[in-house]
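Asks: Just passing along the structure, written as structure tokens.
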Amino acid sequence: MTSLSKTYYVSSKTGNDSNDGLTGESAFASLFAINQRSLQPGDHVLLERGSVFYGQYLQVTDSGREDAPIVIGAYGEGAAPRIEACGQGIWYQNYGAPLDSPTHVYRGYVSSAVLLYDAEYIIVEDLEITNEADKIIGEYYSLGDKMNRTGVAVVAKDKGVRHGITLRNLLIHDVNGNVYDKHMNNGGIYMTALRPENEELTGVARYKDVTVEGCFVYQVSRWGIAVGYTYAHDKFQGAELDEEIFLKYGHENMLIRDNYVKAAGGDGITSMYALRPLIEHNMADSIACEINDRIYSEPGNRLGKVAAAIWPWKCKDALFRYNEGTDTRLNQDGMAYDADSGDGTIYEYNYSRQNEGGCVMFCLQEAIHNTFRNNVSFDDLGGTISPAENPDALIKDNTFYVRKGVPFVRKNMDGGNYILEKNQIVDLEN
């Protein structure tokens, strides 16, 4: 904090929006009082534990400084303060151009319980967040054109590089998003970069120094945690990815750790367009539970009936270590780990168990320089590995416990190149 910074208190139990909000005894009653204020570097916004903010949301467009971040958190004793957005907090998202596939939706309205829009040096911590939509008139769960919804949405657009975004110790659940839209801000936590109005003036919209840690995300749709999809996707064409491209258009210093994602409708945890992201000590449990004919029933022309647990997209030298993926549900993917269209992906010291699509996929022609080492796969189903037309993969020093009748290479998921070195394959007794 600085000598000029303020702490604002908000209590749904004892507050009043006519108060000044500067003490616990004179707290505001609602989040609307915060949305109307301009926050300054070093300011704290503290929600009283035990408070429930029903039909409310936070939208922050202000920034802190590296030495004086804006902090949004909790005070008092008891359960974490809960923001129940109930489909409110609506804003318009537009990438500014079609995405890497014409089947991906790139613009539309989004509801977010917490929205950080062009903010930087900001910490959000110790909150419970929901965004259900059971009372939205005319909407039903599998509706193809239903609104996208997010627990926490983060957007970079018109202020160049956005630094210092930290999301930690958040409990995010029951977010009724759109199971079909892969790259809108849609799910538990989703961070994106949108095309600036004047990129020449403001610079490329991207992130540097992002941390997502200690969050429990469950029963969300579509994504659990996704960090980094960008309007500048066309700069990352081809298999070989130059570091200079990331320093201009991609994201730097991305850390995703100690998170637990359970029962996400689609994918679990994904880093995107990042240089040397570190994804460690995360758990993905029962992922892709909505990628099935029962729920994924009205996709229209969207081609997104694929999901995996923990994986990168268009990253360079991504490192995944000490993660666990279990019980990922069967779909066209359905594996714990997926080295997807990136350069230099490393998986090491990870564990997988009973994933219906297998342990790991090396996905298509732009997945290069892959290393999968010192991992343990226990009773993964369908087929242990999926070398799907990838140019290369080194699979070394792993232990695979394989059930009788489960092929080592998944059927119809082959055609790629890989080298096996010093692996143990142990037959499981029935």
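The values are calculated or read from the model by the stated rules, or taken from the named source; none is laboratory data. What you are looking at is a predicted structure, and each value in this text was computed from that prediction instead of being measured. Every residue, glycine among them, receives a Cβ derived from its backbone with ideal geometry; neighbour counts consider all protein chains shown. Side chains are part of the model used for accessible areas, which takes the heavy atoms of the whole protein and leaves out ligands, DNA and RNA. Shrake-Rupley method; radii C 1.70, N 1.55, O 1.52, S 1.80 Å.
Asks: What is the list of residues in the stretch 171-190 whose amide nitrogen lies under 14 Å from a point 7 angstrom out from the Cα of Asp134, following Cα to Cβ?
Replies: Hits in the stretch 171-190 for Asp134 at 14 Å: 174-176.
Asks: List the chymotrypsin sites (Phe, Trp or Tyr not before Pro) within the stretch 132-216 that DSSP assigns to loop and that have no more than 10 neighbouring Cβ atoms inside 10 Å.
Replies: Working: sites: Tyr140, Tyr141, Tyr180, Tyr190, Tyr207, Phe216; in loops: Tyr140, Tyr141, Tyr180.
Answer in residue order: Tyr140.
Asks: Return the long-range amide H neighbours of Asn148 (sequence gap of 5 or more, or a different chain), with a cut-off of under 5 Å between placed amide H atoms.
Replies: Under 5 Å from the amide H of Asn148 lie the amide H atoms of Ser111, each far enough along the sequence or on another chain.
Asks: Moving on. Cα centroid distance between the stretch 18-54 and the stretch 88-125, in Å?
Replies: Using only Cα atoms, the two centres lie 24 Å from each other.
Asks: With no solvent and one point per C-alpha, what does the Debye sum give as log10 I(q)/I(0) for the stretch 141-275 at q = 0.11, 0.17, 0.20 Å⁻¹?
Replies: -0.39, -0.88, -1.12
Asks: Principal axis lengths of the stretch 59-182 from Cα atoms, whole Å, largest first?
Replies: Each principal axis gives a Cα extent; for the stretch 59-182 these are 43, 38, 18 Å.
Asks: Using heavy-atom solvent-accessible surface (probe 1.4 Å) with all chains present, what is the largest-first order of Glu252, Glu324, Glu298?
Replies: Details: Glu252 30, Glu324 50, Glu298 70 Å².
The most accessible residue leads, giving Glu298, Glu324, Glu252.
Asks: Something else: In the stretch 93-149, which trypsin sites (Lys or Arg not before Pro) are in a loop and have at most 16 other Cβ atoms within 10 Å, using DSSP for the loop call?
Replies: On the way: sites: Arg107, Lys135, Lys146, Arg149; in loops: Lys135, Lys146.
Taking the stretch 93-149 and a limit of 16 other Cβ atoms within 10 Å, the loop trypsin sites (Lys or Arg not before Pro) found are Lys135.
Asks: Just the Cα atoms of the stretch 204-351, one point each, no solvent: what log10 I(q)/I(0) does Debye give at q = 0.16 Å⁻¹?
Replies: -0.82
Asks: While we're looking at this one, here's another question. Suppose only helical runs count, i.e. DSSP H with n ≥ 4. What mean residue ellipticity at 222 nm does that imply for the chain under -39500 (n - 2.57) per run, divided by all residues and rounded to the nearest 500 deg cm²/dmol?
Replies: Values: 3 runs with 15 residues, N = 430.
Dividing the helical sum by the residues of the chain leaves -500 deg cm²/dmol.
Asks: Using mean Cβ contacts within 10 Å as the protection proxy, how do 20-28, 361-369 order, highest first? Let's see the in-between values first.
Replies: On the way: 20-28: 16.8, 361-369: 21.6.
Averaged packing, sorted descending, gives the order 361-369, 20-28.
Asks: Ile291: accessible area at probe 1.4 Å, nearest 10 Å²?
Replies: Ile291 exposes around 0 Å² with every protein chain in place.
Asks: A follow-up question, please. Filter the trypsin sites (Lys or Arg not before Pro) in the stretch 339-430 to those in DSSP coil with at most 13 other Cβ atoms within 10 Å of their Cβ, and list the result.
Replies: Lys404, Lys411, Lys422
Asks: Using only the alpha carbons of the chain, what is the convex hull's orientation-averaged projected area in square nanometres? Show your work: numbers first, answer last.
Replies: Values: hull surface 83.8 nm².
Its Cα hull, projected and averaged over all orientations, spans 21.0 nm².
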